[in-house]
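Participant: One structure follows; several queries about it will come next.
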Amino acid sequence: MIASPLPELVGRHRECAALDDLLAGLREGGPRVLVVRGEAGIGKSVLLEYVAAQASRVKVTWAHGIEADMELPYASLHQLCAPFLDELDELPEPQRDALRVAFGMAAGDPPDRFLVGLAVLTLLTRASESRPVLVLVDDAQWLDQVSLQTLEFVARRLLAEAVAMAFAVRDPEGQDALKGLPALRLGGLDSVAGGELLEAAVGGRLEKRVRDRFVAEMHGNPLALLEFSRGRSAAELAYGLDSSAFRSVQGPVASRVERDFVSRLGQLPAATRTLLLIAAAEPVGDACLLANAAASLKITPNAAPAKAAGLIEFGESVRFRHPLVRSAVYHGAEPEERRAVHRALAEATDPVLDPDRRAWHAAQAADGPDEEVAAGLEQAADRARQRGGIAAEAVLLQRAAEVTPDRWSRGRRALAAAEAHFSAAAPDRATELATVAELCPLSALDRARLARLRARILFALSRSDEAAPLLLEAAAQFTAAGSPLARETYLEAISATIFAGRVHGPTGARAAAIAARGSGAPSSGSKAADLLLDGVAALLADGCETGVPALRASLELLTHEELGTREATVRWLLLVPVALEAFIHYAWDLHAWDALSSRAVRLARDIGALGALPPALIYAGGVHIHYGDFAEAARMIDEADALAAATGHAPHKYATLVLAAWRGEADVAAGIIEEARQSAEQRGEVSLLGAMGYIQGVLFNGLARYEEALEAARTGIEHDGFNFTGLSLVEHVEAATRCGELDQARASLARLLELTRAADSGWARGAGARSQALLTDGDEADRLYRTAIEEFGRGSVAVEVARTHLLYGEWLRRSNRRSLAREHLRTAHEMFDGMRAHAFAERARRELLATGEHVRARENRPTSVLTPQESQVATLAADGMTNAKIGAELFISPHTVEWHLRKVYTKLGINSRRALPGALASAPATNTLDEGTVRSG
């Protein structure tokens, strides 16, 4: 039974009930995350103390955000995890290593921040095995950015763990923090509750008019009511003996309270004020450090007056009564006083054990340019980068640039700061620092870096073709400087034009390819990347006949090249989308698509690159759509969307659209299609319009809405894009023949045959043969349909095998060859029905009925009752993976794996892991192709 609210929590019964529910969820399996929002002094911290007091038989760990500590990466996370670090060696090796590097306990490659998040989730989960764990984070808006992002990731992954999290966030400063998590917004106390709190503070009754006026002036803010009544009796307030109390409450409540703290500070001895300023400037709260800094300033530590004034508390560490006290102390001091205190703290901070904080204090103490300080900050920035603290690296480099006396060094540091800000998703800051760098003298190589950065910023804000010329210029500058970044930048320029949806024209992909080929750029250091650029450039500059063989030369290396470092792996993950687009749309190679996307998924999992994993999963999901395994595709898309949500990235809606199109789900697709079209127009991402043409072509052809399919596919053909032209041509030929637009169909067939001729793959040959069959009759059409079925099967493109059986069966029925038509229509119906391609299955069913065939009702598959996450967990468990390995694979905790498995057992009517393979295998085959054929490559 949870106790009644603490005395200070007057008027907060609703809020206490919400926190009681959080504890109940922790103990019984319910909601486990809550963000308490409100202005300064509104009672957020007291509510966290309330829930901590009620958390009997629960491990409680705290983190306190401090504004002065915001730029030190993982500082707050380290504080929160400290009680559990004795469990560190029990974590899976990649997670353990990531956390050690992040906390400065070991050297290594910079860890992916989401892998650090998974490590924290695992650490908290292991700690909760003996007792539930409650994580409390006060003033979350002041956490260092990477700690906040990591904790948000953990909060979004909590499901079955005995872990709960409550955050306090001050608004408006933290209005963008932790968006989307369950929130409890605090307002001021009403007149009754506020009056009750005020009367309790002054120890007597007040006249209602006086009481209500005071509450109204304070907007019901509890801290304001308590602080302004401190030392004032009921009589003084009642008879107006302290009318200044009312005159001093103008402006925002937080400012009023802070001014009251400042007035109390003015009454303290000078030495005590200095002692408080040292404590305000040093967020660690180390009493020994405070004493050493005080000795450096030649003051005798005397905190008694500050304690008597209710401003500070001393225990194991120094703690201010409220964050507004710290703010009042620090911002109320003169600049020279603050610099002197930071100088003393820099001298008192151990240069070996805590070099970053020492460098930061030294920077704050600087009153002008200082190369020694700038160098220290640059070294601290490098250590921050090595721990994965990109945001901290950016701020430290920015401050280093500000205090750098030499203009050449200032430009170099400003450029590095701009690049770090861009990597930390702060393009506005990056633009500001890029302008600073531009005004300084730079080397030729740095000029090229600056040009590339400006292009990247522009491309991030808009997918239009304005970025490509800037990237080409940067690539040319890298080439002139002999930099290996040249070829990488040419690939970026080509990628930018692909997104912009332009192949021809002065800023199109072909122009970029011609520039790349003629540049004479030095090797990038990766043979696979060099061959890929050569292949893509040949494809665009010379056409498919030359380009496809050149592209294929890079496949073996792309699939098997050794990647010795994390940085090399990250670079591979960045270039592989260009390779995939080329192999999909020009080589028509589903096996290469499978090999590259599978490797991308595996590598992203291995290094914990959760930013790269969702797009890799989407590409891999596309493979399974073409294999006809829609369930596996849905699982991958679901995981990608879940990871994107957990990491704050936009979901990949286009994969959902492709799947919806093949399933024939017009209602699902309609809203997303319109949203995608608007996004394409706003961002200048014309390539999306080509994708929409193909997607709608599949959707409407499946639904037998051929006129709509004809119009949609035409847009996919005409947008002059690198992608989807060939696939759109396939849809256009079918729609045009069904609409009687034979001239259009023949024109599209001619273009399709030209595109597929060089590919020499089963997919390409099947597409060409079937499209020709639609415009042919007699024995030749019969031969072409059979050839298409054989070739699509050789290419493992199951959805097209089924579709060719359907088209062949439709043609046979119209040729009055009903018996043979039934054979192919039955095959098409069984395949589409097994895939859950509803619209195409319905087309086949209608054709079968027209032949007089009775269509058997669809069998329910046992796995159809499982959610995508449950199905994925069940499949991995059936393959023999442990809960810990499944959790590491899917970036969830082992407890969540077990929770999913219990639900799977119930749904499938089994009671153990041993029964899983049989239960999953009892589902009918997804398609009629041989499994080994479908999975080859």
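Each value in this text was obtained by applying a stated rule to the coordinates, not by laboratory testing. Here the structure is a predicted model, which is why all the values come from computation and not from measurement. Glycine gets a Cβ as well: all are built from the backbone with ideal geometry, and neighbour counts include every protein chain shown.
Participant: Under the rule a/c < 1.5 gives rounded, and otherwise a/b versus b/c splits prolate from oblate, where does the range 99-241 land using the Cα gyration tensor?
Facilitator: It is prolate, given that a/c is not under 1.5 and a/b is the larger ratio.
Participant: Highest first, please rank the peptides 760-773, 396-409, 47-60 by the mean number of other Cβ atoms sitting within 10 Å of their residues.
Facilitator: 760-773, 396-409, 47-60
Participant: Follow-up. Return a whole-number percent for the relative contact order of the chain, with Cα pairs under 8 Å and 6 or more residues apart as the contact set.
Facilitator: 8 percent
Participant: Return the percentage of antiparallel bridges among DSSP beta bridges fully within the chain, rounded to the nearest 5 %.
Facilitator: DSSP beta bridges in the chain are roughly 15 percent antiparallel.
Participant: Next up: Treating the angle as unsigned and between 0 and 90°, give the value, to the nearest 10°, between the Cα long axis of helix 270-281 and the longest Cα principal axis of the chain.
Facilitator: Value to nearest ten degrees: 10.
Participant: State whether the range 332-420 is rounded, prolate or oblate according to the following rule on the C-alpha gyration tensor (a ≥ b ≥ c being the square roots of its eigenvalues): a/c under 1.5 gives rounded; otherwise a/b larger than b/c gives prolate, and the remaining case gives oblate.
Facilitator: Judged from the Cα gyration tensor, the range 332-420 comes out oblate (a/c at least 1.5, b/c at or above a/b).
Participant: Ranking request for peptides 900-908, 453-461: highest mean number of other beta-carbon atoms within 10 Å first, then the rest in descending order.
Facilitator: 453-461, 900-908
Participant: Within a Cβ distance under 12 Å of Ala735, other residues only, what is the Lys/Arg minus Asp/Glu net charge?
Facilitator: Summing Lys/Arg as +1 and Asp/Glu as -1 gives -3.
Participant: When ranked by the protection proxy of mean other Cβ atoms within 10 Å per residue, highest first, what sequence do the peptides 332-339, 268-275, 595-602 form?
Facilitator: Highest-to-lowest ranking by the protection proxy: 595-602, 268-275, 332-339.
Participant: Another question about this same structure. With all distinct Cα pairs included, what does the Kirkwood hydrodynamic radius of the range 546-651 come out to in Å, to one decimal, could you say?
Facilitator: Here the Kirkwood hydrodynamic radius works out to 14.1 Å.
Participant: Excluding same-chain residues fewer than 8 positions from Lys179, which lysines have a Cα within less than 23 Å of its Cα?
Facilitator: Reachable lysines: Lys44, Lys653.
Participant: Fewest Cβ neighbours within 10 Å first, please rank Ser748, Ser327 accordingly.
Facilitator: Ascending number of Cβ neighbours within 10 Å: Ser327, Ser748.
Participant: Shifting gears a bit: Please report, to one decimal in angstroms, the Kirkwood hydrodynamic radius of the range 653-757 built from all distinct Cα-Cα pairs.
Facilitator: 13.4 Å
Participant: With Kirkwood's inverse mean 1/r over C-alpha pairs for Rh, give me the Rg to Rh ratio of the range 13-185, two decimals please.
Facilitator: 0.95
Participant: In degrees from 0 to 90, rounded to the nearest 10, what is the angle of the helix 798-814 Cα long axis to the longest principal axis of the chain?
Facilitator: Compared with the principal axis, the helix lies near 40 degrees.
Participant: Based on the alpha-carbon gyration tensor of the range 187-226 and its eigenvalue square roots a ≥ b ≥ c, which shape applies: rounded if a/c is under 1.5, prolate if not and a/b is larger than b/c, or oblate?
Facilitator: Cα axes put the range 187-226 in the oblate bin.
Participant: Okay, moving on. Given the rule -39500 (n - 2.57) for each run of at least 4 DSSP H residues, summed and divided by the residues of the chain, what is its mean residue ellipticity at 222 nm, to the nearest 500 deg cm²/dmol?
Facilitator: -20500 deg cm²/dmol
Participant: Ok, one more. Going by how many other beta carbons lie within 10 Å of each one, how would you line up Cys81, Cys440, Cys739, fewest first?
Facilitator: Going from least to most buried by this count: Cys739, Cys440, Cys81.
Participant: With equal scatterers on the alpha carbons only and no solvent term, can you work out the Debye log10 of I(q)/I(0) for the range 270-424 at 0.11 1/Å?
Facilitator: Debye intensities relative to I(0), on a log10 scale: -0.47.
Participant: What is the magnitude of the charge dipole of the chain about its Cα centre, with +1 placed on the Cβ of each Lys and Arg, -1 on the Cβ of each Asp and Glu, and no other charges, expressed in debye to the nearest 20?
Facilitator: Computed charge dipole of the chain: roughly 1340 debye.
Participant: Here is a follow-up. Taking the structure as given and computing Rg and Dmax of the Cα atoms in Å, which label from [x] 28.8, 91; [y] 32.8, 109; [z] 41.4, 155 fits?
Facilitator: [y]
Participant: In addition: Taking the range 18-96 on its own, what percent of its Cα-Cα pair distances exceed 14 Å?
Facilitator: Roughly 74 percent, rounded to a whole number.
Participant: Using Cβ contacts closer than 10 Å as the measure, can you line up Glu488, Glu567 from fewest to most?
Facilitator: Glu567, Glu488
Participant: Write down Rg/Rh for the range 287-366, rounded to two decimals, with Rg from the C-alpha atoms and Rh from the Kirkwood relation over Cα pairs.
Facilitator: 0.97
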